[in-house]
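Data first, discussion second: the structure below is written as structure tokens.
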Amino acid sequence: MKMIVRFFRKKVFLYLLSGLFLITLAGCSKSDDPAQAPEPAEAGTFIKTVSLPDSPASAAWIFNSDPGANRVMILYRAGDVQGSGMINSISFRYADALASAVTCPNVTIRMGHTSVTDLALPYDNNVNQGKGSFQTLANGVSVTIPAGSSGGYFTIPLTQPFNYNGVDNLVVDVSRSSACTGTPTYVSNTVHQASPAYNSVISSGGGLGPSVPDIRFNFAGGDNVAVGLFGNLSNVMPFGNALGQRKVQLLYTAAEVNGSGGITGIAFPAGLATTAEEYTVNVRLGHTNLTQLTSTFANNFNVGTPVTVASGAKFSVPAGIPVNSYIWIPMPIAAFNYDGTHNLIVEIEVTAKATGGMTDWKLNSNAPIGRKLYGAAGASTGDGIDESVYYCIKFRFNGGTMDVVLAGPGTWSFPFSGASNNKSQHLYLASELGTKGTIAKVARRLATSDAVASDYASFTVVMGHTANKTLGATFSANLSGAQTVYSGTFTMPAGLKVGDWIEIPLSTPFVYDGERNLVVQTSTLSGAATNYIGDHKDDVRYLMREAAANNNTTDAAGANNNWLADLRLIMQ
């Protein structure tokens, strides 16, 4: 086993914060009857606003009458964005009222992931340095900024969306080669300074500075942190041992969610490092016009009929999940089409518990009144409304990819090895994935160097469900209902940068049930070159999650490792 690991694994240090990302998929039932055929999930949209709390100022770096080359690069940190997914437009804020429209021709907008926490000159040092390609999203377009009031926002559509992973920091780059025209000939944007300050902007007119322009990222599908982390409080309901606290309702306002469409997943961050726990859960989502919950569970769903998204679903919490890491609750029956106008209720009921431990969920200490009702499983009336309990939560909106982007150093040459034929499996937990659906493509994240074009013969991808939480050395025993989803020659695309995703289109889509764990197996003969992928070690979280063999046809000679490769699932 050690020889396999040493031969095919090149140890490097890639620091990726753990994260998850996204999906397009299943449906949403019309009523509370889980047997009723689900409706298709609507396309989801949401808005994430970055407006830092420091005193506002104004700047006209971006859209002005400068006739020469004009360029502004802005850094937005992942912790300020609090979301991930497909960004299809961006909006800037008017610092001053604009009396009439301003037109700016020849505008180019680019975005890229980055590991830098401060910008530095020259511009290009901040991008294409290991987190993926710096992408052109609008090239030489004409932008007309309409008249607007101070404090409002104007929107610039992108020609193609940018899939932001929510884990890495984000660079937004706006350049212009012609003067803006109108009366006036410039637009002042609202800016704030982070505290503590960091170098957040490079402008051709003003150099390097700490001011962060207010912005809205408009997402078409993705993961939306509706209530983020603030403080160090946690709560075990409904996953504690008290029988009178096994059912909870949580209320979130439309302003907090700030989106609409199909919700295909919900996740909560761990309040304490987790122990391994097993639960059986029912989950319902529904609309309400209440701003505070009442003591009667059914009465709180007072707009339309709640939708059962899980009924008797098995929910496994793995051991060793760090504080603040998100854990996805199963939704194997249906998605929920949220109208974006009414407030939203999430109801979770634990009907069975297999162990004596508990799972703590992170709370936001800025607690509004009346946001959580609790009671016993099966109860119609709650025993109490916690006035100071406000659960952090993430909503997944239909339309993005589903990513597992992990922390820790390491790379892996399988399946793209130029030295030997090989077979490998990786096990992904339902709590890491979060959403059912039909998988159309599987992707791995490129590591250590830009892609080298190469053909890999006898390339196969096999996928299957499993109830197991670890892999054994016998490949076939690790999958249930194994399905070959790709078989043939795979050609590595040229031009991919370190941090980009290598997409493998499946000839046969795989239907993932959203409740069981998922095994992804790849095998191939050697190619002409080795292209390494990101693979991350954790002797607690990733215990026996990787199996590998130096032969693409072997079944019972695999070697197990405590590593897990980055994964992206692209859904139909």
Evaluate segment 261-272: report whether one residue or more is open to solvent by 10 Å² or more (accessible area, probe 1.4 Å) and over 24 Å from residue 382 (Cα atoms). yes
Which residues, taken from segment 312-326, are surrounded by fewer than 17 Cβ atoms within 10 Å (Cβ to Cβ) and assigned to a strand (DSSP E or B)? 312
Selection status of residue 198, over 17 Å from residue 60 (Cβ atoms), surrounded by fewer than 18 Cβ atoms within 10 Å (Cβ to Cβ) and of a type in the set (Phe, Trp, Tyr): yes
Quick one: residue 479 ticks every box in (1) open to solvent by 10 Å² or more (accessible area, probe 1.4 Å); (2) over 24 Å from residue 508 (Cα atoms) except a single one, so which number is it? (2)
I need a count of the residues in segment 291-311 that are in contact (Cβ under 8 Å) with a residue 60 or more places away in the chain, outside any strand (DSSP E or B) and within 19 Å of residue 336 (Cα to Cα). 3
Out of all the residues in segment 530-545, which are open to solvent by less than 20 Å² (accessible area, probe 1.4 Å) and either part of a loop (DSSP other than H, G, I, E, B) or farther than 25 Å from residue 493 by Cβ (or both)? 531, 542, 545
Single match in 367, 376 (criterion: more than 20 Å from residue 302 (Cα to Cα), surrounded by fewer than 23 Cβ atoms within 10 Å (Cβ to Cβ) and touching a residue at least 24 places away in the same chain (Cβ under 8 Å)): 376
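Give me the residue from segment 428-461 that is in contact (Cβ under 8 Å) with a residue 60 or more places away in the chain, part of a loop (DSSP other than H, G, I, E, B) and in contact with a Leu (Cβ under 7 Å, 6 or more places away or on another chain) and, out of that set, surrounded by the most Cβ atoms within 10 Å (Cβ to Cβ). Before the answer, list the steps.
Filtering segment 428-461 down to residues in contact (Cβ under 8 Å) with a residue 60 or more places away in the chain leaves 428-449, 451-461.
Imposing the further condition that a residue be part of a loop (DSSP other than H, G, I, E, B) reduces the set to 429, 434-436, 447-449, 451-454.
Retained after the next criterion (residues that are in contact with a Leu (Cβ under 7 Å, 6 or more places away or on another chain)): 434-436, 447, 451.
Values: 434: 27, 435: 30, 436: 25, 447: 23, 451: 18.
Once the filter is applied, the top-ranked residue is 435.
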As an exercise: evaluate residue 557 against (1) open to solvent by 20 Å² or more (accessible area, probe 1.4 Å); (2) in contact with a helix residue (DSSP H, G or I) (Cβ under 6 Å, 6 or more places away or on another chain); (3) among the hydrophobic types (A, V, I, L, M, F, W, C) and give the number of the one condition it does not meet. (2)
Is it the case that residue 118 is under 30 Å from the mean Cα position of the chain (by Cα) and at pLDDT below 95? no
Name, by its number, the condition in (1) modelled with pLDDT of 95 or more; (2) surrounded by fewer than 18 Cβ atoms within 10 Å (Cβ to Cβ); (3) β-branched (Val, Ile, Thr) that does not hold for residue 185. (1)
Here the residues within segment 341-360 that are part of a loop (DSSP other than H, G, I, E, B) and crowded, with 16+ Cβ neighbours inside 10 Å are 342, 357, 358, 359, 360
Strands (runs of 3 or more DSSP E) wholly in segment 41-112 with at least 1 residues that are touching a residue at least 40 places away in the same chain (Cβ under 8 Å) and under 24 Å from the mean Cα position of the chain (by Cα) - which ones? 45-50, 70-76, 83-93
Give just the number: which of (1) open to solvent by 10 Å² or more (accessible area, probe 1.4 Å); (2) within 24 Å of residue 223 (Cβ to Cβ) does residue 305 not satisfy? (2)
Provide a single number: the residues in segment 113-145 that are in contact with a helix residue (DSSP H, G or I) (Cβ under 8 Å, 6 or more places away or on another chain) and either assigned to a strand (DSSP E or B) or of a type in the set (S, T, N, Q) (or both). 1
Hey, can you tell me all the residues within segment 560-572 that are closer than 20 Å to residue 482 by Cβ and surrounded by fewer than 23 Cβ atoms within 10 Å (Cβ to Cβ)? 560
Contact list please: Cβ distance under 6 Å, first residue in segment 488-513 and surrounded by fewer than 20 Cβ atoms within 10 Å (Cβ to Cβ), second residue charged (D, E, K, R), pairs at least six apart or on different chains. 489/455; 491/455; 497/450; 502/444; 503/441; 505/441; 513/436
Of the residues that make up segment 418-426, is at least one more than 30 Å from residue 311 (Cα to Cα), in a loop (DSSP other than H, G, I, E, B), touching a residue at least 40 places away in the same chain (Cβ under 8 Å) and open to solvent by less than 10 Å² (accessible area, probe 1.4 Å)? no
Give the residues of segment 137-152 that are free of Cβ contacts under 8 Å to residues at least 40 places away in the same chain and either at positive phi or open to solvent by 60 Å² or more (accessible area, probe 1.4 Å) (or both), sorted by residue number. 139, 140, 142
Working only within segment 338-393, note down all residues that are at pLDDT 95 or above and over 30 Å from the mean Cα position of the chain (by Cα). 375, 376, 377, 378, 379, 380, 381, 382
Among the strands (runs of 3 or more DSSP E) confined wholly to segment 175-282, which include 2 or more residues that are among the charged types (D, E, K, R) and under 27 Å from the mean Cα position of the chain (by Cα)? 215-227
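The values are calculated or read from the model by the stated rules, or taken from the named source; none is laboratory data. Because the structure is predicted, anything quoted here is derived from the model rather than measured. With ideal geometry, Cβ positions are generated from the backbone for all residues, glycine too; neighbour counts draw on all protein chains shown. Remember, those area values only see protein heavy atoms, side chains included, never the ligands or the DNA or RNA. Shrake-Rupley method; radii C 1.70, N 1.55, O 1.52, S 1.80 Å.
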